Amino acid sequence: MVENKEFQASAMQGFQEELPSLLTAVQSKVDGFDTIPIPRPENATSIGLEIKDIESQINVIDIPSPDSPVQVIKSHHAHSLSISMPSSPSGLYIEQDQGDLISQRSIANGTNGQPNLPINFKVVSFEQPKQGIFHSQPMPLRNAHDKATPDQQRMLRSSRLRDKRYDSFKTWSGKLERQISNLRGKSQETEEIIAAEAPEPEPLPPVDRYFDALAGPELETLRESEQLILPEDKKWPFLLRFPISSFGMCLGVSSQAILWKNIASSPSTSFLHVTSEINIILWCISLVLMSIVSLIYFLKIILYFEAVRREYYHPIRVNFFFAPWIACLFLALGVPPSVAVNLHGALWYVLMTPILCLELKIYGQWMSGGQRRLSKVANPSNHLSIVGNFVGALLGASMGLKEGPIFFFAIGLAHYSVLFVTLYQRLPTNETLPKELHPVFFLFVAAPSVACMAWAKITGEFGYGSRISYFIALFLYVSLAVRINFFRGFRFSLAWWAYTFPMTGASIATIRYASEVDNPFTQSLSVALSGISTITVTGLLLSTVIHAFVLHDLFPNDISIAITERRTKSNNNYAHARTASSDAKDIETCLSKQDTEEALNKMFVK
């Protein structure tokens, strides 16, 4: 104790020497600052032995002398008690009357004006203050997580670490996934917590948003001013990247089965001595490929129905929804005689019903106008909605039906005439196809090629109507084949499969024409076209396998299904500027045309 007193005295002397003179004259008393009012309790009671213990602690405290700097500075402070209070209302509390009695006792002992040092009291009370009212609060999620079992905690952690940016495209916002997880034994509480954290599904963008957010004739390129609702720097799940246009592979391979069936059975190609085994092999390959592609897209419908819905409302992509049903018609036409000779007529009605429903929707939009009018959405891929009529008419006539095939043939002929003129005219509002989409120009050949065979099957002869349609298809085929630039300068994609079944259709029509006009030229032409189509399909099939399983770049992110419902505010100024610039260009073009016309009129007048 003596050593402590000597140490304190030496500290006081050092403090007095180092203290600046300005601090000794500072007024340190500030009303209401660093003071705790001590109310007088209503019923003051004696403390007893506990106060004596506190008095003994107070007597032990060493108080500096009045001349020390600490005393000079602290002399103006009001009497206060520094008490450590618990952070929770359920803690222990110090009686206010004890503090009051101790303060009075210190004043009576002559300690008034001495520094008020913090005192740690040992006397406590377990009585709660009456004025404290605390309301119940909802339990936070982390408490439920803490009380969960280890398996539930593991499931919660895995659900939170999982990337949830794709959940808005899942069917019913993940409800199906939660139902499957319930069958695996997951608790209902855990699933409710995961469901509460799931994002809301993204609303479907209107049709005009596809034209505003996407560029290019196929509306598959995102504009610079737009943003996606899915990450752009990451590869999406496979089902989200698997487009409806993948059924183009089924069209190409199944049409080859029809080709080799005709080569084996046609009199004009009997000199080749081709057996029906090739037809059986190709038909089996087509059936397996159709089953795989259909299964994958069926899984996409189940798990990512929002992505399928966005494809269906896409102004251009909706045409590819004809492809699965046309591929089924090709499989029915190419069935080997050893498998089935005569197919039941009910199959034709089953396959043509969805085609008729799609045509009622699309043809009605072409005629009614609006954002989906034909002049706005005209594209070579629209031929898919026309080809289905002629293929259905061909299959129905092969089954012995009469009225149904004529009905669909008439619908296809009327709308093909309108589409052919619209695409040939290439209105100023239509953009030029890029090199990557040049193969879809061969869809011009598909409709007249199939139409000539369908009409020959309906009438029972390859007459003048069939020959007119065949010559149109042959001319379009040659006019595209001589354009070498259509076959170079672009990378491989699923659009290349557009080469296949139009070329195969032209080959089958040539074989049918050679049966009516039998000469060396028609036979050579049928063999040449058949060989070109077979080599093309084989090369594309190998390239597809390499890009899908070796290079892994066959299915890039499908940008067209991930656009936002409305334009973001940050891009509005850019959109207005772009619209203004495009309008200015149109005005300049019109003025230049008017100036040219006026100059020509003046020349003719002179």
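The values are calculated or read from the model by the stated rules, or taken from the named source; none is laboratory data. Remember, predicted model here, so these are calculated numbers, not experimental data. Glycine gets a Cβ as well: all are built from the backbone with ideal geometry, and neighbour counts include every protein chain shown. Just the protein is used for accessible areas: all its heavy atoms, side chains included, with ligands, DNA and RNA removed. Shrake-Rupley method; radii C 1.70, N 1.55, O 1.52, S 1.80 Å.
Scanning segment 233-246 finds one or more residues that are assigned to a loop (DSSP other than H, G, I, E, B), surrounded by fewer than 19 Cβ atoms within 10 Å (Cβ to Cβ) and modelled with pLDDT under 85.
Residue-by-condition table, conditions (1) over 28 Å from the mean Cα position of the chain (by Cα); (2) among the polar types (S, T, N, Q):
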| site | (1), (2) |
| --- | --- |
| 285 | yes, no |
| 293 | no, no |
| 313 | no, no |
| 316 | no, no |
| 322 | no, no |
| 331 | yes, no |
| 338 | yes, yes |
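Here's the yes/no breakdown for (1) open to solvent by less than 40 Å² (accessible area, probe 1.4 Å); (2) more than 26 Å from residue 210 (Cα to Cα); (3) among the hydrophobic types (A, V, I, L, M, F, W, C):
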| position | (1), (2), (3) |
| --- | --- |
| 306 | yes, no, no |
| 370 | no, no, no |
| 376 | no, no, no |
| 389 | yes, yes, no |
| 404 | yes, yes, no |
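Mind counting the residues in segment 458-467 that are within 12 Å of residue 509 (Cβ to Cβ) and open to solvent by 10 Å² or more (accessible area, probe 1.4 Å)? Even if it seems obvious, please write down each step before you answer.
From segment 458-467, those within 12 Å of residue 509 (Cβ to Cβ) are 462, 466-467; that's our starting set.
Those left that are additionally open to solvent by 10 Å² or more (accessible area, probe 1.4 Å): 467.
Count: 1.
Against the numbered list (1) surrounded by fewer than 21 Cβ atoms within 10 Å (Cβ to Cβ); (2) in contact with a Ser or Thr (Cβ under 7 Å, 6 or more places away or on another chain); (3) under 29 Å from residue 399 (Cα atoms), residue 511 comes up short only at (1).
Okay, residues lined up against (1) over 30 Å from residue 274 (Cα atoms); (2) open to solvent by less than 40 Å² (accessible area, probe 1.4 Å); (3) modelled with pLDDT of 95 or more; (4) not aliphatic (A, V, I, L, M):
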| residue | (1), (2), (3), (4) |
| --- | --- |
| 540 | no, yes, no, no |
| 555 | yes, yes, no, yes |
| 567 | yes, no, no, yes |
| 581 | yes, no, no, yes |
| 603 | yes, no, no, no |
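Which one is nearest to the chain's Cα centre (by Cα), of the residues in segment 381-401 that are under 14 Å from residue 460 (Cβ atoms) and assigned to a loop (DSSP other than H, G, I, E, B)? That would be 401.
Please determine whether any residue of segment 352-375 is among the β-branched types (Val, Ile, Thr) and not in a helix (DSSP H, G or I). No - not one qualifying residue is present in segment 352-375. Would you please name the residue that is farthest from the chain's Cα centre (by Cα), looking only at residues in segment 435-464 that are assigned to a helix (DSSP H, G or I) and without any contact (Cβ under 8 Å) to a residue 12 or more places away in the chain? For segment 435-464, the residue satisfying everything is 464. Based on what the data block shows, is residue 326 of a type outside the set (Phe, Trp, Tyr), surrounded by 21 or more Cβ atoms within 10 Å (Cβ to Cβ) and over 29 Å from the mean Cα position of the chain (by Cα)? So residue 326 fails the test.
Can you confirm whether residue 187 is modelled with pLDDT of 80 or more and over 17 Å from residue 561 (Cβ atoms)? If you could, list the steps in order and put the result at the bottom.
Details: modelled with pLDDT of 80 or more: no; over 17 Å from residue 561 (Cβ atoms): yes.
Considered against the rule, which asks whether it is modelled with pLDDT of 80 or more and over 17 Å from residue 561 (Cβ atoms), residue 187 comes out as no.
Can we say residue 486 is farther than 22 Å from residue 419 by Cβ and either surrounded by fewer than 22 Cβ atoms within 10 Å (Cβ to Cβ) or at pLDDT 95 or above (or both)? Answer is no for this residue.
Would you be able to say whether some residue in segment 519-538 is more than 15 Å from residue 258 (Cβ to Cβ), over 41 Å from the mean Cα position of the chain (by Cα) and not in a helix (DSSP H, G or I)? Yes, there is a match, as at least one residue in segment 519-538 is more than 15 Å from residue 258 (Cβ to Cβ), over 41 Å from the mean Cα position of the chain (by Cα) and not in a helix (DSSP H, G or I).
The set of residues from segment 295-315 being in contact with a Ser or Thr (Cβ under 8 Å, 6 or more places away or on another chain), more than 16 Å from residue 247 (Cα to Cα) and either at pLDDT 95 or above or not charged (D, E, K, R) (or both) comprises 302, 303, 304, 305, 314.
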